[in-house]
1. To one decimal place, what orientation-averaged projected area in nm² is obtained for the convex hull of the Cα set of the stretch 1-102?
2. Evaluated at 4 °C with a viscosity of 1.567 mPa s, what Stokes-Einstein diffusion coefficient in µm²/s does the stretch 218-257 have when Rh comes from the Kirkwood expression over alpha-carbon pairs?
3. When the distances between all Cα atoms of the stretch 236-280 are binned every 5 Å from zero, what whole-number percent does each bin get?
4. Please report the Cα spread of the stretch 330-442 along all three principal axes, rounded to whole Å, starting with the longest.
5. Can you list the aspartates and glutamates whose alpha carbon is less than 18 Å from that of K406, not counting same-chain residues fewer than 8 positions off?
6. What FRET efficiency do you get for L65 and R309 if R0 is 51 Å and r is their Cβ-Cβ distance, rounded to the nearest 0.05?
7. At a 10 angstrom cut-off on C-beta neighbours, averaged per residue, how do the peptides 95-107, 308-320 rank from highest to lowest?
8. Calculated from DSSP H runs of 4 or more alone, at -39500 (n - 2.57) each and per residue, what is the 222 nm mean residue ellipticity of the chain, nearest 500?
Amino acid sequence: MTAAPSQSPVRTFLRLLGYAAPDGVRLVGVGALALLGAAFELARPWPVKLVIDQVLGGRPMAPGLAAVAALLPGTDTSSGVLAWCIVAAVTVTIGASALSYVVLTAVVSISQRMVYALSRELFARLQRLSLAFHGRHNVGDLFVFLGYLTALFGPVNSLSSGLGYAVATATRGRRVFEILDSREEVQERRDAVAVGRLHGSVVFDDVTFGYGVEEDGARAVLRDVSLRAEPGQVIAIVGATGAGKSSMVALLSRFYDPWNGRVLVDGRDVRELTLSSLRENVSLVLQEPFLFPMSVADNIAFGRPDATRSEIEAVARLAQADEFIRRLPEGYDTVLSEKGTSLSGGERQRIAIARALLKDAPILILDEPTSALDAHAESKIFEALSELMRGRTTFVISHRLSTICKADQILAIEHGRIVERETHDRLLAESEVYSRLYRHEHIAVL
Ligand code: DUT
Ligand code: MG
């Protein structure tokens with residue numbers, strides 16, 4: 001990632017407010033109502049003061065007040081003044097509460113939309129970063145990032161409660177924007193073509209790749225990698241940490257370009273396609289799914305904001321998620337938060353699977369989707385994963401033989417090279433170690 005120059009808190013805050021621009025008129029209205037609410041709050045002690053000073057204390061009113069009182073009928077007697085004081089107290093109290101309710105509701109809905117817009121932009125960057133960070137940096141073919149966003153949500157939620165929050169938001173928002181401003185590592189060609197839905201054939205044609213520039217002495221992490229995946233095939237990638245597994249699948253989403261060779265989808269070099277249309281055709285399910293401080297339904301509909309509630313529920317059922325979602329305090333409308341609603345690793349992963357099912361891309365990348373889970377949680381999402389993989393060209397990076405055995409090809413990577421290509425059946429027949437491991441794990445999972 002190339003870090004952007006850091007911004008002053010004021011600029012960051014203005015930029016954050018920019019995300020509320022579509023709600024500009026509402027925002028101005030809310031500001032006016034908030035001012036009115038503040039005036040009502042200021043007026044609250046006055047009726048009581050009048051009762052104490054004039055009604056009980058018998059003191060004369062200040063001239064200005066007396067002039068106003070003279071306009072109202074019945075204020076020439078103490079009981080008349082008392083009656084008006086009660087009317088005023090009730091009006092001011094109800095008015096202040098009603099205004100604060102309206103302002104709060106509007107601020108929450110505006111800020112939720114801001115977070116939604118920000119989250120969508122963050123999502124793509126986070127996927128690239130997390131593919132690169134697996135294994136080397138621990139999780140903590142991240143929580144901090146999510147934490148920034150959740151933290152950001154809190155203060156934005158309370159925009160009306162003052163400048164202190166604004167500064168805190170700006171400070172946290174800065175981290176979010178640093179991620180957003182990390183530059184794409186690749187450039188879209190001016191004549192790039194927007195493709196529709198691909199069939200999902202994938203070819204790596206003699207690919208050599210390293211992070212950084214070859215001429216500057218950067219080290220190649222993939223060397224002479226060639227493979228061919230037909231639509232609907234499952235390709236398992238195995239290998240030690242740092243072998244280059246995630247780097248391979250990162251090239252498929254064109255997060256990076258190869259130094260040499262080509263990556264082709266449906267026979268076209270990925271560099272000929274627009275980044276967005278290519279990435280529309282690829283779903284990623286990673287070790288730690290990104291969930292955002294939005295409702296469960298919004299989290300699932302992330303890739304397809306226009307999805308209907310029944311579509312969302314249908315994919316949740318396929319992902320074996322419907323049942324636990326319905327048990328949440330507000331079902332599909334439960335807003336996920338770090339502290340509040342805590343989901344287990346397996347539950348989070350099933351939401352990510354539902355999200356990918358809804359996106360319905362022909363190419364699927366699974367980078368250690370079950371490795372953060374224990375055996376029990378893993379067995380629960382097994383069916384959900386199988387459902388997701390059905391009919392999609394799938395690249396699955398996994399140490400679990402139970403996942404690998406579904407593959408049409410198994411590629412073993414060592415120091416950036418494919419050193420072995422096998423099928424599960426051949427391995428099972430030929431490798432005693434493999435077949436023993438397989439039988440052992442298969443029993444554990446089933
Ligand atoms: N690498 C970088 N920069 C990155 C990502 C990776 O220099 O942003 C290096 C580290 C490693 C090699 O590339 O030496 C391959 O990394 P990759 O993440 O592809 O390895 P992996 O097989 O996915 O490892 P793990 O099992 O730890 O996820
Ligand atoms: Mg990896």
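1. Details: hull surface 42.4 nm².
Directional mean of the projected Cα hull area for the stretch 1-102 stands at 10.6 nm².
2. 112 µm²/s
3. Computed distribution, short to long bins: 5, 20, 29, 21, 15, 8, 2.
4. 52, 30, 27
5. K406 reaches D141, E230, D367, E368, E378, E383, E387, E420, E422, D425, E430, E441.
6. 0.35
7. Working: 95-107: 16.3, 308-320: 18.0.
My ranking of the peptides, most packed first, is 308-320, 95-107.
8. -16000 deg cm²/dmol
The values are calculated or read from the model by the stated rules, or taken from the named source; none is laboratory data. Bear in mind that the values here come from a model prediction, so they are computed numbers and not experimental data. Positions of Cβ are generated from backbone atoms using ideal geometry, with glycine treated the same way; all protein chains shown enter the neighbour counts. Areas reflect the complete protein model, heavy atoms only, side chains present, ligands, DNA and RNA absent. Shrake-Rupley method; radii C 1.70, N 1.55, O 1.52, S 1.80 Å.
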